[in-house]
Amino acid sequence: MKYILGVLVENHPGVLSKVSGLFSRRGFNIYSLAVGMTEDPGISRITIVVEGDEYIVEQVAKQLNKLIDVIRVSNMDRESLTRELALIKVRATPKTRHEIIEIINIFRAQVVDIAKDHLTAEITGDSEKITALEDMLKGYGISEMVRTGAIAIDRGNKLLNQPE
């Protein structure tokens with residue numbers, strides 16, 4: 001099962017290395033990792049997706065909380081809003097260009113670049129939606145693709161930056 005951890009950390013050099021090092025030292029695999037500044041420039045937020053059972057995730061959270069630069073760790077529940085971003089460059093001939101654009105529009109993605117033999121789509125959504133678009137475009141020939149990994153935020157009034 002996949003779990004999403006939201007981690008608030010001090011925005012200092014080397015913090016990400018300490019956090020990811022904790023996973024590798026314990027033999028845990030990170031499925032995806034995304035990092036960015038928060039509304040406070042002194043604090044960064046790390047979203048980590050890990051595979052394992054509840055016990056493993058609980059142990060990882062406890063270990064993360066012991067790191068000096070970690071402010072707070074939260075196991076994001078299934079109700080949280082989770083999104084990924086992907087850019088997909090696909091081969092497009094004059095014959096197939098219209099079909100590809102229709103597929104992209106159905107997924108509520110957008111074309112962000114067009115060249116003679118390629119076009120690039122940008123899509124935001126959950127992992128399954130992005131994978132579904134990728135599967136639809138494979139037949140045309142995906143030349144290049146990049147995905148951000150998940151970011152997540154709790155719904156409603158629950159805030160990671162305030163104690164429960």
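The values are calculated or read from the model by the stated rules, or taken from the named source; none is laboratory data. What you see is a predicted model, and the numbers here were worked out from it, not measured in a lab. All Cβ positions, even for glycine, are placed from backbone atoms using ideal geometry, and neighbour counts span all protein chains on display.
Just one of LEU8, LEU33, LEU85 is in the same structural domain as ILE142 (by TED's automatic domain parsing) and in contact (Cβ under 8 Å) with a residue 60 or more places away in the chain; which is it?
Testing whether each residue is in the same structural domain as ILE142 (by TED's automatic domain parsing) and in contact (Cβ under 8 Å) with a residue 60 or more places away in the chain leaves just LEU85.
Looking only at the range 1-14, count how many residues are surrounded by 12 or more Cβ atoms within 10 Å (Cβ to Cβ), over 11 Å from ARG45 (Cα atoms) and more than 18 Å from the chain's Cα centre (by Cα).
1
Just need a number here: residues in the range 119-129 that are closer than 18 Å to ARG91 by Cα and crowded, with 18+ Cβ neighbours inside 10 Å.
So the answer is 4.
Residue by residue through the range 100-118, note down the ones that are within 21 Å of THR82 (Cα to Cα), in contact with an Asp or Glu (Cβ under 8 Å, 6 or more places away or on another chain) and either surrounded by fewer than 14 Cβ atoms within 10 Å (Cβ to Cβ) or among the β-branched types (Val, Ile, Thr) (or both).
Result: GLN110, single match.
Applying the selection to the range 100-113, what residues are assigned to a helix (DSSP H, G or I) and either hydroxyl-bearing (Ser, Thr, Tyr) or free of Cβ contacts under 8 Å to residues at least 12 places away in the same chain (or both)?
GLU102, ASN105, ILE106
Residues ILE130, ILE123: which one is assigned to a helix (DSSP H, G or I) and under 30 Å from VAL9 (Cβ atoms)?
It is ILE130.
If you scan the range 33-55, which residues turn out to be small (Gly, Ala, Ser) and modelled with pLDDT of 90 or more?
ALA34, GLY36, GLY42, SER44
Which numbered condition in (1) part of a helix (DSSP H, G or I); (2) more than 21 Å from ARG147 (Cα to Cα); (3) of a type in the set (Ser, Thr, Tyr) is the only one that SER20 fails?
(2)
Part of a strand (DSSP E or B) and closer than 30 Å to GLU10 by Cβ: is that true of SER143 in this structure?
Taking the combined requirement at face value, the residue does not satisfy it.
Could you list all residues from the range 35-68 that are surrounded by fewer than 17 Cβ atoms within 10 Å (Cβ to Cβ), part of a strand (DSSP E or B) and touching a Ser or Thr at 6+ places or on another chain (Cβ under 7 Å)?
The answer is GLY36, MET37.
Of the numbered conditions (1) more than 18 Å from LEU160 (Cα to Cα); (2) more than 17 Å from the chain's Cα centre (by Cα); (3) modelled with pLDDT of 90 or more, LEU85 satisfies every one except a single condition; which is it?
(2)
Do you know which of the residues in the range 108-137 that are of a type in the set (Lys, Arg) and farther than 14 Å from THR96 by Cα is nearest to the chain's Cα centre (by Cα)?
Selected residue: LYS129.
For the range 114-124, indicate whether the set of residues that are within 22 Å of ALA152 (Cα to Cα), of a type outside the set (S, T, N, Q) and in contact with a helix residue (DSSP H, G or I) (Cβ under 6 Å, 6 or more places away or on another chain) is non-empty.
yes
One line per residue, one yes/no per condition, for (1) out of contact with any Phe, Trp or Tyr (no Cβ under 8 Å at 6 or more places or on another chain); (2) of a type in the set (A, V, I, L, M, F, W, C); (3) in contact (Cβ under 8 Å) with a residue 12 or more places away in the chain; (4) over 24 Å from MET1 (Cα atoms):
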{"residue": "GLU79", "(1), (2), (3), (4)": "yes, no, yes, no"}
{"residue": "ALA92", "(1), (2), (3), (4)": "no, yes, yes, yes"}
{"residue": "LEU119", "(1), (2), (3), (4)": "yes, yes, yes, yes"}
{"residue": "THR131", "(1), (2), (3), (4)": "yes, no, no, no"}
{"residue": "GLY156", "(1), (2), (3), (4)": "yes, no, no, yes"}
